[in-house]
Amino acid sequence: MLVVVALIALLATIAITSFSPFWTESTAAADRRNAQDLAALSASAEAFGAEVIVPGDLMASISNLVNGVTLPATQGRPTMSFKVPINDQRDVNGAAQYLKLQGDVLEYHSEPQSAP
């Protein structure tokens with residue numbers, strides 16, 4: 001019985017390690033997509049006058065977009081909310097690898113940047 005359990009554990013380990021490259025690439029693709037969403041929403045929010053960028057603080061700027069920023073209604077424009085639906089800190093950290101603050105602009109880069 002113990003031999004059967006050991007054999008199943010060995011086969012499970014082999015199976016998990018063989019799928020590791022696929023998991024890594026799919027995680028990187030999700031991180032890039034989240035970073036693209038953050039950069040695009042940042043540009044939209046800034047265009048409407050929402051202050052989402054914290055100069056010199058990438059993580060605080062991302063946090064503003066993840067937590068959401070709402071502009072009140074004005075004459076001719078309804079209430080507007082800017083929020084990226086990222087719920088996991090690992091996803092935030094993963095997206096941050098592909099973002100860089102250049103002045104007051106959140107830029108997306110297809111290759112990971114230095115740590116935030």
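Values in this text are rule-based calculations from the coordinates and carry no lab data. These figures come from a predicted structure and were not determined experimentally. FYI the Cβ positions are ideal-geometry reconstructions off the backbone, even for glycines, and counts take in every protein chain you see.
Some observations on this one:
- Arranged from fewest to most other beta-carbon atoms within 10 Å of their beta carbon, D88, D31, D57 become D88, D57, D31.
- Charge sum, other residues only, whose C-beta stays under 14 Å from E51's C-beta, Lys/Arg counted +1 and Asp/Glu -1: -3
- Sites Q89 and E46 - FRET efficiency at Förster radius 25 Å, r taken between beta-carbons, to 0.05: 0.55
- Choice from I62, I53, I86 showing the highest fluctuation, given a GNM over the chain with Cα pairs closer than 10 Å: I86
- Translational diffusion of segment 33-116, µm² s⁻¹ [Kirkwood Rh, Cα pairs; Stokes-Einstein; 37 °C; 0.692 mPa s]: 255
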